[in-house]
Amino acid sequence: MISVRNFSLGLTSLSGQPLNFCSDYRVECRCEVLTYTTAIGVVTVRALRSGGSSRISYSYEGKYTESGIRHEVIRRFGLRDDMERIYAVLNTDRYMDAAIGNLNGLRITENDPWETTLCFVVSQFNNIKRIRRIIGRLTERFGEEVELAGRAVKSFPSPETLASAELSEIRKCGTGFRDRYIKKVAQACTSGVDLADLADMDYHTAKERLLGLYGIGDKVADCILLFGYKKLEAFPVDVWVKRAVETVYFNGRKKSIGEIHAFAERRWEGLSGYANQYLFCNGRMNKIGA
DNA sequence: ACCCAGGCGGGCG
DNA sequence: CGCCCGCATGGG
């Protein structure tokens, strides 16, 4: 059992982060419940909010130790993030104040780098509901059947499997034109690029490395760095974030991607990733500028 | 029918 | 560099 303030399991897992694409969220009698599969097990997290704090419990099947599962949950959901400090840094204008009020407890999750990479390659020019279904079909078709505590579970598709898959087979999962990107990125990750290396690189160096991969551009690279490596300087600029920044901070004037990056870095410094997630979610909620 | 979605690569000026 | 285009698919 973990007790923390400023945590919402629902907002965190339904806000367009990787868990939104490959996990199952439900509510059971006022308790929020999320089940997801990792490389070594199936994890179920329950959160019950009362007052300003959440009581979080977890269970699992698979090869976890007691300290291992606790560490997994704390790390995955960002439970060590000092939200009071983060909110203090972000809350310098009326819009952010409202966003923080609407989205209290939304955290940046930290996910497996390869899973994050595939999710956001699939995400491009796509919508969340369909990303979820495509990831589900890729897992069903290309995941390995593994047995966890006597139960058959499909693992997340590996880069090796996708690297050698037929393009037409990938496309049958509904990927559309992204089939080439998926295969190329998978191939790069099995020869030449070790995603584990990026963890030790600074943000800009790691981003350059990702941008070298066919199918990964500016926005997807930032998503991978934010949600796969928790580099909080990352600021993914998608249509929602671009609209929100232009509307709120530039009086509706159009700005280039580069100008928006420069603005975010100056205004929120090392926490622009958190600002980004609040802009994204609040912008979608309010359909700001649309 | 039409518009849009957590964009990217390629081709052009 | 910046800009514009096509790209597959499905939901509102």
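The values are calculated or read from the model by the stated rules, or taken from the named source; none is laboratory data. None of the values given here were measured: they were computed from a predicted structure. Note: ideal-geometry Cβ built from the backbone for every residue, glycine included; neighbour counts use all protein chains shown.
Are any residues in segment A:129-155 touching a residue at least 24 places away in the same chain (Cβ under 8 Å), surrounded by 13 or more Cβ atoms within 10 Å (Cβ to Cβ), outside any strand (DSSP E or B) and in contact with a strand residue (DSSP E or B) (Cβ under 6 Å, 6 or more places away or on another chain), and if so, which ones?
Matches in segment A:129-155: A:139, A:155.
Would you point out the residue of segment A:195-241, among those that are among the aliphatic types (A, V, I, L, M) and surrounded by fewer than 19 Cβ atoms within 10 Å (Cβ to Cβ), that is modelled with the lowest pLDDT?
A:239
Here is a list: A:41, A:10. Which entry is in contact (Cβ under 8 Å) with a residue 12 or more places away in the chain, touching a helix residue (DSSP H, G or I) at 6+ places or on another chain (Cβ under 9 Å), closer than 19 Å to residue A:111 by Cα and among the small types (Gly, Ala, Ser)?
A:41
Which residues, counting only those in segment A:9-32, are touching a Leu at 6+ places or on another chain (Cβ under 9 Å) and either surrounded by fewer than 17 Cβ atoms within 10 Å (Cβ to Cβ) or small (Gly, Ala, Ser) (or both)?
A:10, A:13, A:15, A:23, A:24, A:26, A:30, A:31
Counting residues that are aromatic (Phe, Trp, Tyr), which strands (runs of 3 or more DSSP E) fully inside segment A:1-79 reach at least 1?
Counting at least 1 such residues, we get A:23-28, A:31-37, A:53-62.
For residue A:85, only one of the following conditions fails: (1) assigned to a helix (DSSP H, G or I); (2) charged (D, E, K, R); (3) in contact with a helix residue (DSSP H, G or I) (Cβ under 8 Å, 6 or more places away or on another chain). What is its number?
Only one criterion in (1) assigned to a helix (DSSP H, G or I); (2) charged (D, E, K, R); (3) in contact with a helix residue (DSSP H, G or I) (Cβ under 8 Å, 6 or more places away or on another chain) is unmet by residue A:85, namely (3).
Kindly indicate whether residue A:92 is assigned by TED's automatic domain parsing to the domain that holds residue A:219 and either among the β-branched types (Val, Ile, Thr) or within 30 Å of residue A:267 (Cα to Cα) (or both).
No: the conditions fail for residue A:92.
Select from segment A:175-230 the residues that are part of a helix (DSSP H, G or I), away from DNA strand B (no atom under 14 Å from the Cβ) and not hydrophobic (A, V, I, L, M, F, W, C) and list them in ascending order.
If the condition is that a residue be part of a helix (DSSP H, G or I), away from DNA strand B (no atom under 14 Å from the Cβ) and not hydrophobic (A, V, I, L, M, F, W, C), then A:190, A:197, A:200, A:203, A:204, A:205 are the ones that fit.
Quick one: residue A:165 ticks every box in (1) buried (at least 21 other Cβ atoms within 10 Å of the Cβ); (2) part of a loop (DSSP other than H, G, I, E, B) bar one, so which box is it?
The failed condition is (1).
Restricting attention to segment A:246-266, report how many residues are in contact with an Asp or Glu (Cβ under 9 Å, 6 or more places away or on another chain) and more than 14 Å from residue A:222 (Cβ to Cβ).
Residues flagged as in contact with an Asp or Glu (Cβ under 9 Å, 6 or more places away or on another chain) and more than 14 Å from residue A:222 (Cβ to Cβ) within segment A:246-266 amount to 7.
Are any residues in segment A:231-285 within 14 Å of DNA strand B (Cβ to nearest atom), polar (S, T, N, Q) and either free of Cβ contacts under 8 Å to residues at least 60 places away in the same chain or touching a His at 6+ places or on another chain (Cβ under 8 Å) (or both), and if so, which ones?
A:247, A:256, A:272, A:276
Can you go through A:80, A:76, A:85, A:70 and tell me which one is away from DNA strand C (no atom under 16 Å from the Cβ) and either surrounded by 17 or more Cβ atoms within 10 Å (Cβ to Cβ) or of a type in the set (A, V, I, L, M, F, W, C) (or both)?
A:76
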